[in-house]
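The values are calculated or read from the model by the stated rules, or taken from the named source; none is laboratory data. Only a predicted model underlies this, so the values are computations on that prediction, with no experimental measurement involved. Please note: Cβ atoms are built from the backbone with ideal geometry, for glycine as well, and neighbour counts cover all protein chains shown. We work out accessible area using only protein heavy atoms, side chains counted, and drop any ligands, DNA or RNA first. Shrake-Rupley method; radii C 1.70, N 1.55, O 1.52, S 1.80 Å.
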Amino acid sequence: MYLFERVLLHAGKSIHIGDRSIETRLMEDILPVGAPAVHEAYAAVIACVILLVVGTLHRRRMYLAL
């Protein structure tokens, strides 16, 4: 899960849609809340995506060992 989180966060900063990164677009456009709550909302989105992927892999009994 930790490795997937790092990959997901790096992809959010690296991949651009137009002139802004996915991370910037998500924090400014999709999660229009106050400054302290933006980081909490962004962390919640990342956690939900990670749990969705990991939960799906667990249900299919697919595990990755490094």
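Taking segment 17-31 as the search range and keeping residues that are in contact with a Lys or Arg (Cβ under 9 Å, 6 or more places away or on another chain) and without any contact (Cβ under 8 Å) to a residue 12 or more places away in the chain, which one is most open to solvent (accessible area, probe 1.4 Å)?
GLU28
Mind checking which pairs have a first residue in segment 42-66 that is closer than 19 Å to ILE22 by Cα and a second that is open to solvent by less than 60 Å² (accessible area, probe 1.4 Å) and in a helix (DSSP H, G or I), Cβ under 6 Å, 6 or more apart or different chains?
Within 6 Å, the pairs are TYR42/MET27; ILE50/GLU5.
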